[in-house]
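Each remark here refers to the structure printed beneath this line.
The values are calculated or read from the model by the stated rules, or taken from the named source; none is laboratory data. Keep in mind that this is a model prediction, so the values were computed, not measured. Neighbour counts run over all protein chains shown; Cβ positions are idealised from the backbone, glycine included. Remember, those area values only see protein heavy atoms, side chains included, never the ligands or the DNA or RNA. Shrake-Rupley method; radii C 1.70, N 1.55, O 1.52, S 1.80 Å.
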Amino acid sequence: MADDDTYCAAPDTRTSARDALGLTSDAPATEGPFAACVLCQEPTEYPESHKGITLCPVCAWQEAQRSACSG
């Protein structure tokens, strides 16, 4: 049986969803102000004038995964 301290001491090699998609929160906006994601408050690809619920690509992907698995 493996020692719990040894198992927990392993470095975390997982990447976050933002890293996997190549998104960084410190990237400068190339065009006008963008709407904030309603879940995480990160900038989205929609302008602030966009009506309706705005999700960033990461949250949109996560929501699609949740709805696909909920029969």
When residue 19 is run through (1) open to solvent by 80 Å² or more (accessible area, probe 1.4 Å); (2) at pLDDT 90 or above, the failure sits at (2)
Look through 39, 55 and report the one residue that is open to solvent by 80 Å² or more (accessible area, probe 1.4 Å), modelled with pLDDT of 90 or more and either hydroxyl-bearing (Ser, Thr, Tyr) or touching a helix residue (DSSP H, G or I) at 6+ places or on another chain (Cβ under 8 Å) (or both).
39
Being over 19 Å from residue 33 (Cα atoms) and not in a helix (DSSP H, G or I) is the filter here, so list the residues in the stretch 51-71 that pass it.
70, 71
Are there any pairs with C-beta distances below 7 angstrom linking a residue in the stretch 24-39 that is over 18 Å from residue 58 (Cα atoms) to a residue that is at pLDDT 55 or above and assigned to a strand (DSSP E or B), with the two at least 6 apart or on different chains, and if so which?
32/47
Number of the condition not met by residue 8 [criteria: (1) open to solvent by 100 Å² or more (accessible area, probe 1.4 Å); (2) at pLDDT 55 or above]:
(2)
